[in-house]
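> This structure is in structure tokens; I'll ask about it shortly.
The values are calculated or read from the model by the stated rules, or taken from the named source; none is laboratory data. This one's a predicted model, so the numbers in the text were calculated from it and none came from an experiment. Ideal geometry is used to build each Cβ from the backbone, glycine not excepted, and the neighbour counts take in all protein chains shown. Ligands, DNA and RNA are excluded from the accessible area calculation, which covers all protein heavy atoms including side chains. Shrake-Rupley method; radii C 1.70, N 1.55, O 1.52, S 1.80 Å.
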Amino acid sequence: MQTRKLGRQGLQASAIGYGAMGFHLGYGAADQDEGLKTIARAFELGVTLFDTAEMYGWGENERFLGRAVRGFRNEIAIATKFGITRDYGTDSRPPHIREVAENSLRFLGTDRIDVLYQHRPDPAVPIEDVAGAVKELITEGKVRYFGLSEAGPETIRRAHAVQPVSVLQTEYSVFERDVEQLFPLLRELGIGFVPYSPLGRGFLTGLAKPASEYEQGDMRNGMDPRWQPGNYEKNAEAVEQLRQLATEKEATPAQLALAWLLAQGDDIVPIPGTRNPARVEENVRAADLSLSDADLERVKAVLPKGSFGGRYQGGAPQWI
Ligand SMILES: NC(=O)c1ccc[n+]([C@@H]2O[C@H](COP(=O)([O-])OP(=O)(O)OC[C@H]3O[C@@H](n4cnc5c(N)ncnc54)[C@H](OP(=O)(O)O)[C@@H]3O)[C@@H](O)[C@H]2O)c1
């Protein structure tokens, strides 16, 4: 698979990365053996960026990912995140960052974290202190690159002045386009971009079901406005239109959604999440799908302002 540069500090990754969150958060029960096969298959197919976080099972997802990549750990980059608390608040105090990073190293079974993200900006801690804490970890060799997630322009600039930021991670897909307003800044500073939930939490694959049909504990059952009656039907209709275009291109809706993201810049590496080896193959093959300018415009025209319904109940994260 094609390799892309993320930031100016040396981080490189396969054009399509992989998100492991779904094994421990968001999408209901998961089969761990199938998961190990999925992650092994992703690596066989050339995926070299694997994403997790402290809060995905409070160590469980990191342990699982560490086990899954043990045989090829030195050939990939592992990204993890600190800074969300168990009650969904934030904590980026420097001693806490260090504690979480040390735990992540232990859980992952590795001596370095390739990308350490602040999961959400913390209004109680100046970003300079956060960047300074990550800088120390980089100096000690425990972390290689610094990332931010859901950060706004001011935070990005101030962080970057203390410790260069290699990558911003924020939700981005055909459904969610707000972050495009930050692309000029990212390009000015040379910061790479990792779209999370690039498949619109699965909606853009064409396999979405009404909210009530997901099991308890699945965030699409009740928590995600895009699945709520009224929005769901309109989004499903839009995805049907995208399916038609995908079929014309001899591709699947998931591949169209990912190829559309890849076409937005060669500094973009989406991290679709799946617990299924066949789906990982499908997703990775999106890197081979080229879209013309006319195709890209057709995708945009289906949902000119993104999906119906916001991306989080109670509103999108505040970019501070
Ligand atoms: N920074 C943040 O705040 C943040 C927030 C959310 C997510 N993330 C990261 O981004 C990664 C991806 O986001 P996400 O998992 O929320 O959303 P996503 O990648 O947009 O969608 C995942 C959903 O799509 C399904 N899926 C994936 N490929 C498919 C295919 N080819 N056909 C049919 N269904 C498919 C998955 O189901 P199966 O697993 O059953 O295949 C899962 O339910 C996460 O794993 C996590 O690492 C970061």
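> Could you count how many residues in the stretch 1-40 are in contact (Cβ under 8 Å) with a residue 12 or more places away in the chain and either assigned to a helix (DSSP H, G or I) or within 13 Å of the ligand (Cβ to nearest atom) (or both)?
Number satisfying all stated conditions: 24.
> Let me ask another. Report yes if some residue within the stretch 128-137 is within 14 Å of the ligand (Cβ to nearest atom) and at pLDDT 95 or above; otherwise report no.
Within the stretch 128-137 (the criterion being within 14 Å of the ligand (Cβ to nearest atom) and at pLDDT 95 or above), the answer is no, since none of the residues qualifies.
> Only one of these is part of a loop (DSSP other than H, G, I, E, B), out of contact with any Pro (no Cβ under 8 Å at 6 or more places or on another chain), more than 10 Å from the ligand (Cβ to nearest atom) and under 18 Å from R112 (Cβ atoms): E62, E54. Name it.
E54
> Moving to a separate point now. Test each condition in (1) surrounded by fewer than 21 Cβ atoms within 10 Å (Cβ to Cβ); (2) within 22 Å of the chain's Cα centre (by Cα) for R93 and report the one that comes out false.
(2)
> Just to be sure I understand, how many residues within the stretch 208-245 are within 14 Å of the ligand (Cβ to nearest atom), touching a Pro at 6+ places or on another chain (Cβ under 8 Å), open to solvent by less than 50 Å² (accessible area, probe 1.4 Å) and not aromatic (F, W, Y)?
Going through the stretch 208-245 one residue at a time, the tally reaches 3.
> Give me the pairs: first residue in the stretch 181-199 and closer than 11 Å to L6 by Cα and in contact (Cβ under 8 Å) with a residue 24 or more places away in the chain, second residue crowded, with 24+ Cβ neighbours inside 10 Å and of a type in the set (D, E), beta-carbon distance under 8 Å, and six or more apart or on different chains, which are they?
Going by the 8 Å Cβ cut-off, the qualifying pairs are V194/D51.
> Considering only the stretch 304-315, I want to know if a residue exists there that is of a type in the set (K, R), outside any helix (DSSP H, G or I) and more than 17 Å from the chain's Cα centre (by Cα).
Taking every residue of the stretch 304-315 in turn, at least one turns out to be of a type in the set (K, R), outside any helix (DSSP H, G or I) and more than 17 Å from the chain's Cα centre (by Cα).
> Here's another thing I want to ask about it. Yes or no: the stretch 104-123 includes at least one residue that is open to solvent by 30 Å² or more (accessible area, probe 1.4 Å) and within 16 Å of the ligand (Cβ to nearest atom).
Checked against the condition, which is being open to solvent by 30 Å² or more (accessible area, probe 1.4 Å) and within 16 Å of the ligand (Cβ to nearest atom), the stretch 104-123 yields at least one hit.
> Suppose we filter R4, R8, R93, R86 for residues that are modelled with pLDDT of 95 or more, basic (K, R) and more than 24 Å from E171 (Cα to Cα); which single one remains?
None of the others qualify; the one that does is R93.
> Let me ask something else about it. Quick one: G192 ticks every box in (1) in contact with a Gly (Cβ under 7 Å, 6 or more places away or on another chain); (2) within 10 Å of the ligand (Cβ to nearest atom) bar one, so which box is it?
(2)
> Got at least one residue in the stretch 257-277 being within 12 Å of the ligand (Cβ to nearest atom), assigned to a helix (DSSP H, G or I) and open to solvent by 10 Å² or more (accessible area, probe 1.4 Å)?
Checking the stretch 257-277: at least one residue is within 12 Å of the ligand (Cβ to nearest atom), assigned to a helix (DSSP H, G or I) and open to solvent by 10 Å² or more (accessible area, probe 1.4 Å).
> Do we find a residue being surrounded by fewer than 23 Cβ atoms within 10 Å (Cβ to Cβ), farther than 21 Å from R144 by Cα and either within 12 Å of the ligand (Cβ to nearest atom) or among the aliphatic types (A, V, I, L, M) (or both) anywhere in the stretch 42-50?
Looking for residues that are surrounded by fewer than 23 Cβ atoms within 10 Å (Cβ to Cβ), farther than 21 Å from R144 by Cα and either within 12 Å of the ligand (Cβ to nearest atom) or among the aliphatic types (A, V, I, L, M) (or both), one finds at least one in the stretch 42-50, hence yes.
> May I ask you to list the residues in the stretch 137-151 that are surrounded by 15 or more Cβ atoms within 10 Å (Cβ to Cβ) and of a type in the set (D, E, K, R)?
Passing the criteria: K142, R144, E150.
> Does L291 satisfy being open to solvent by less than 10 Å² (accessible area, probe 1.4 Å) and not small (G, A, S)?
no
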